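Visitor: Got a structure for you, written out below as structure tokens; questions coming shortly.
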Amino acid sequence: MRIDEQILIGGGILLLAVVSAVATRRLRFPLLITFLGLGMVLGSEGLGGIYFDDVQLARSIGIVGLIAILFEGGLTTEWRDLRPVAVPAALLGTLGVLITAGVTGAAAYALFDLTWSKSLLLGAVVGSTDAAAVFATLRFTRLRRRLATLLAAESGANDPMAVALTIGLISWIEHPTYGLGDIAILLVRQLGLGLVIGVAIGYAASKLFPRMPTDLAPFAPVASIGIAAVSYGIAASVHGSGFLAVYIVALWLGNTEMPLQRTIVIFHEGLAFLAQVVLFIVLGLLVFPKQLGPVAWSALALTAVLVLVARPLAVVLSMAPFRYRVREQVFLSWAGLRGAVPIVLATFALSADVAGSNTIFNAVFFVVLVSTIVQGMTLEPFARRLGLTTEERPFYDPPVEVVAIRALGGDIVDHEIADGDAVVGMAVRDLGLPKSATLMLIVRDATGIPPNGSTVIHAHDRLYIMIRGDARADVEAVVSRWESAPHAPKG
């Protein structure tokens, strides 16, 4: 096939993916299943007739895709939202994965013709929620912000845990002398080094990126791609978790004030979407639908155990130290979406040529299909029935770039008013802003409102405040008081 034909086919597939995304969004069908299905249709057993069985290439594409998705997830997570749920998310992402892997592995041993070690490997592969599935689903839901942030943070934290656990179990299978103690050391090393390297590079990036000249704006996304690649590469080269390092660096960078932040965020949102398209289509190409039949009933039973037993048990035990209501825990139990990560981890077993890896891969693919369709389509209706939705979608809104204003010594602070904030129902004149700050615009229901002293603040208003450059600390202190309403509802 000539290069021009390859480019034509590649472009056509990308355009088809965008059209499919628009169509499935209107039908409220999980977007990622559409991409998986598109890959299967294009495959050797579908209409496209494309034969693809390069496991190593699929694994490499999976790693690069997950880096792009996790980096975007970290960039668009606000620390003020993450801080209250950081510890619960960390427990769900570590202890929760271990519990899920253990329970699911025990079920796999009973359902499939696999040894204990390979059954636990299957449990570990499906043990984590998926960042791509969670981020894509949350973008179109109206879930309460605290729960949405918890799910997003969990998916960012548990991917590194699942990767480390999968690598450890493969080593155990390949080397019988490799024991549980070695796996524990591997987990601690992977997560510990990933965290330390992520913090170190994130700190350095937070100091360097704000100093990037604004006339070099086209190079800002290049620099951010570079820092993501370096973060993963350094951590992985010393046997740490590259995925955790990438997420930490992006989290730090996304919460750093810098002139080109909007440029970087919007670029990575598009890059993450491209990564999802390519990743899921390639994984769809890799599966052979005829091979799913022999494992279908066993995989369906495994999915039931995963969704109805393993995940709820992991949530209950991980959330025990925290004050989460029963209905919130019920929702978290149902919201354990599986997606690209389990399939990519299954390619680790394939590429290592583990005996029974084809069974593991096909079972995992089936689990992902069922989980994403059933849970993905019912997530928001279930949250609505439990009374856990709001009027707004909790997804990230990139900050406005104010390069010209900053060049003149000014700045703009934007803040969204949440339900229950102290200033809801208050007039602009009573906001308590210092003289060095002026409220210049209120955006309400996608409509700009020029405020005056008597304008009343509503929940979900986004306020844009022009300030003198040296007044940011004073204004942020005032904004913090706006949020501290004693009557604000919890959860």
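Visitor: If the chain between Tyr203 and Arg189 were fully stretched, how many nm would it gain, using 0.36 nm times the residue separation less the Cα-Cα distance? If you can, show how the numbers build up before the last one.
Guide: On the way: separation 14, 0.36 × 14 = 5.04 nm, distance 2.09 nm.
Value of the extension gain: 3.0 nm.
Visitor: Put one equal scatterer on each alpha carbon of the chain, apply the Debye formula with no solvent term, and list log10 I(q)/I(0) at q = 0.11 1/Å to two decimals.
Guide: Here log10 of I(q) over I(0) equals -0.94.
Visitor: OK, next. Treat each spin label as a single point 7 Å out from the Cα along the C-beta direction, and report the Gln56 to Glu416 distance in nm.
Guide: 4.5
Visitor: Another question, if that's okay. Sequence gap at least 6, Cα distance under 8 Å: using those rules, report the relative contact order of segment 60-129 to the nearest whole percent.
Guide: Relative contact order comes out at 27 percent.
Visitor: Relative contact order (percent) for the chain, with alpha-carbon contacts under 8 angstrom and 6 or more residues of separation? Can you show the working numbers first?
Guide: Details: 807 pairs, mean separation 104.6, N = 491.
Taking the mean separation of contacting Cα pairs over the length of the chain, I get 21 percent.
Visitor: Quick one: Cα convex hull volume of segment 313-392, Å³ per residue?
Guide: Normalising the Cα hull of segment 313-392 by residue number yields 121 Å³.
Visitor: Please identify the trypsin sites (Lys or Arg not before Pro) of segment 291-399 that satisfy two criteria: DSSP loop assignment and at most 15 other Cβ atoms within 10 Å. Which are they?
Guide: Passing sites in segment 291-399 are Arg323, Arg325.
Visitor: Mind checking the log10 I(q)/I(0) for segment 193-233 at q = 0.17, 0.21, 0.27 Å⁻¹? Debye, one equal scatterer per Cα, no solvent, two decimals.
Guide: -0.47, -0.67, -0.94
Visitor: From the protein chains alone at 1.4 Å, what is the descending order of accessible area for Leu92, Leu14, largest first?
Guide: Leu14, Leu92
Visitor: For segment 271-313, max minus min Cα coordinate along each principal axis, in Å, sorted largest first?
Guide: Computed over segment 271-313, the largest-to-smallest principal extents equal 36, 29, 7 Å.
Visitor: In nanometres, what is the gap between the two model label sites at Met440 and His175, each 7 Å from Cα along Cα-to-Cβ?
Guide: Here the answer is 6.1 nm between the modelled labels.
Visitor: Kindly provide the pair-distance distribution of segment 186-271 built from C-alpha pairs, with 10 Å bins from 0 and whole-percent values in order of increasing distance.
Guide: Cα pair-distance distribution for segment 186-271, in percent: 20, 48, 25, 6, 0.
Visitor: For the chain, what is the mean residue ellipticity at 222 nm derived from helices alone (per DSSP H run of n ≥ 4: -39500 (n - 2.57); sum divided by total residues; nearest 500 deg cm²/dmol)?
Guide: -21000 deg cm²/dmol
Visitor: Considering segment 306-347, what Rg and Dmax in Å follow from its alpha-carbon atoms?
Guide: Using the Cα atoms of segment 306-347, the pair Rg, Dmax is 12.2, 38 Å.
Visitor: With no solvent and one equal point scatterer per Cα, compute the Debye intensity ratio I(q)/I(0) for segment 1-158 at 0.10, 0.13 Å⁻¹ and report its log10, rounded to two decimals.
Guide: -0.52, -0.85
Visitor: Loop only by DSSP, 11 or fewer other Cβ within 10 Å of the Cβ. Give me the chymotrypsin sites (Phe, Trp or Tyr not before Pro) in segment 1-83 that pass, ordered by residue number.
Guide: Counting only loop positions with at most 11 other Cβ atoms within 10 Å, the chymotrypsin sites (Phe, Trp or Tyr not before Pro) in segment 1-83 are Tyr51.
Visitor: Here is a follow-up. Report relative contact order for segment 50-180 in percent, whole number only (criteria: Cα-Cα under 8 Å, sequence separation at least 6).
Guide: Across segment 50-180, relative contact order equals 30 percent.
Visitor: Taking only the alpha carbons of segment 236-309, what extent do you get along each of the three principal axes, in Å, biggest first?
Guide: 55, 30, 26
The values are calculated or read from the model by the stated rules, or taken from the named source; none is laboratory data. Source: prediction; values computed, not measured. Using ideal geometry, Cβ is built from the backbone for each residue, glycine included, and neighbour counts are taken over all protein chains shown. Accessible surface is based on the protein model in full, side chains and every heavy atom, while ligands, DNA and RNA are left aside. Shrake-Rupley method; radii C 1.70, N 1.55, O 1.52, S 1.80 Å.
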